Amino acid sequence: MISKKGDEFIDDSKNEDIQEIFVPDNQHRERLDQFLFNKLEKISRSKLQKLIKDGEITINENVVKPSHQVAGGERIVIHFPPPKPTELLPENIPLDILFEDEYLLVINKKAGMVVHPAYCNLTGTMANALVYHIKNLSTLSGEYRPGIVHRLDKDTSGLLVVAKNDFIHSQLSRQFSEHTAKREYRAIVWGHFTQKSGKIETYLKRNEKDRTRFVISEDGKFAVTNYEVIDEYRLISLLKLRLETGRTHQIRVHLSSKGHPVLGDSTYGGRHKQTIQLNQQDQQMALQLLELMPRQALHAKTLGFIHPETQQELIFDSELPEDIGKVIQFFEEQKREY
């Protein structure tokens, strides 16, 4: 999501190595390195200066100097290099574990939790919690992703499977790559579909000019999303989504491409852009919705796979998180009033 700190907007929707900042229109003149130092946590001014000099921080896609005077409306993109090898710090962070045996565990991740560390975000992640709570984890995804077979964006909630050894990890990964694992999501999107169910098939790749986003492109990777409308309300629809592939931002890009971006998703047009053409009454309702949903309204609700050791089919289901529930409740109350 693009969150607001004071008057500037910071895109912290990804738990990867890219961050985006929009300079507020009323920003006073200030050096770029000082501006970023005041806005970002867990990173020193000297490190910021090095990133700027290395060309890892750009303004409106241009390389600048640390002394550059920021101006209102500028778009700053920061590319953080991978963290240097170091021991992952165990942290006593609570995890919502739905299932665990000696081979794997299934976690219901809360929105806002980063799955694994990145350059200036080495603590507070699900990986830090895992190494605290679990003695042995698989190593196939590397030192910073112990046990992590697949991931969810920071502001997407829902189910993840974690492997405790490399054999289990490899077998689970194969199920994901061969599309035999079952993954169902719930999403609240803007507007109403003409066709109440369907399949979205495109090719996706990272935007070459904007590394924080993905785009539909024929030279990308094949992606398939099946959707079904569960319910419709005045401004929004509740969808069930089934993935056949698991590309980064797949659901968010696909739904946006159909003119129905996920509610709250600032990266793909799911926030204030949707309120511009509404009448005054609906605008007020839309603003209330955005207050209820500060993130993308996307939840990984169902996860199913064959247990690599026992060969038993396991299917897990999770309740909708509180914020999505509040949005649905809001419209159910609106129905009763009319």
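For this structure, a couple of remarks:
- Lone unmet requirement of (1) modelled with pLDDT under 90; (2) buried (at least 22 other Cβ atoms within 10 Å of the Cβ); (3) not polar (S, T, N, Q) for HIS260: (1)
- For beta carbons closer than 6 Å, sequence separation of 6+ or different chains, a first residue in the range 40-65 that is charged (D, E, K, R) and a second that is in a loop (DSSP other than H, G, I, E, B), the qualifying pairs are LYS42/CYS120.
- Residue check, VAL115 assigned to a strand (DSSP E or B) and under 21 Å from GLU319 (Cβ atoms): no
- Here the condition is being of a type in the set (Val, Ile, Thr), at pLDDT below 90 and closer than 16 Å to TRP190 by Cα; of ILE276, ILE324, ILE328, it holds for ILE276 alone.
- Scanning the range 222-238 for residues that are surrounded by fewer than 15 Cβ atoms within 10 Å (Cβ to Cβ) and within 21 Å of the chain's Cα centre (by Cα) gives a single hit, PHE222.
- Extreme residue, modelled with the highest pLDDT, among residues of the range 156-174 that are in a loop (DSSP other than H, G, I, E, B) and open to solvent by 10 Å² or more (accessible area, probe 1.4 Å): LYS164
- Residues that are open to solvent by less than 30 Å² (accessible area, probe 1.4 Å) and farther than 22 Å from PRO294 by Cβ, drawn from the range 121-136: ALA127, ASN128, ALA129, LEU130, ILE134
- Options GLU56, GLU100, GLU41; residue that is open to solvent by 50 Å² or more (accessible area, probe 1.4 Å), under 30 Å from ARG151 (Cβ atoms), more than 19 Å from the chain's Cα centre (by Cα) and modelled with pLDDT under 90: GLU41
- Qualifying residues in the range 239-257 (those that are open to solvent by less than 20 Å² (accessible area, probe 1.4 Å) and assigned to a strand (DSSP E or B)) - the one modelled with the lowest pLDDT: LEU243
- The set of residues from the range 300-315 being of a type in the set (D, E, K, R), in contact (Cβ under 8 Å) with a residue 40 or more places away in the chain and part of a strand (DSSP E or B) comprises just one member, LYS301.
- Looking across the range 263-278 at every residue that is assigned to a loop (DSSP other than H, G, I, E, B) and farther than 22 Å from LYS196 by Cα, the one that is most open to solvent (accessible area, probe 1.4 Å) is identified as GLN277.
- Among the residues of the range 24-41, the ones that are part of a loop (DSSP other than H, G, I, E, B) and within 15 Å of HIS79 (Cα to Cα) come to 1 in all.
- Count of residues meeting criterion [open to solvent by 40 Å² or more (accessible area, probe 1.4 Å) and at positive phi] in the range 175-194: 1
- When SER217, SER170 are checked against the criterion of being in contact with a Leu (Cβ under 8 Å, 6 or more places away or on another chain) and without any contact (Cβ under 8 Å) to a residue 24 or more places away in the chain, SER217 stands alone in meeting it.
- Residue within the range 67-85 that is hydroxyl-bearing (Ser, Thr, Tyr), open to solvent by 30 Å² or more (accessible area, probe 1.4 Å), in contact with a His (Cβ under 9 Å, 6 or more places away or on another chain) and modelled with pLDDT of 90 or more present: no
- Tallying residues that are closer than 21 Å to VAL253 by Cβ and either of a type outside the set (A, V, I, L, M, F, W, C) or in a helix (DSSP H, G or I) (or both) within the range 279-299 yields 5.
The values are calculated or read from the model by the stated rules, or taken from the named source; none is laboratory data. Values in this document were obtained by computation on a predicted structure and should not be read as measured data. No Cβ is skipped: glycine too gets one built from the backbone with ideal geometry, and neighbour counts run over all protein chains shown. Just the protein is used for accessible areas: all its heavy atoms, side chains included, with ligands, DNA and RNA removed. Shrake-Rupley method; radii C 1.70, N 1.55, O 1.52, S 1.80 Å.
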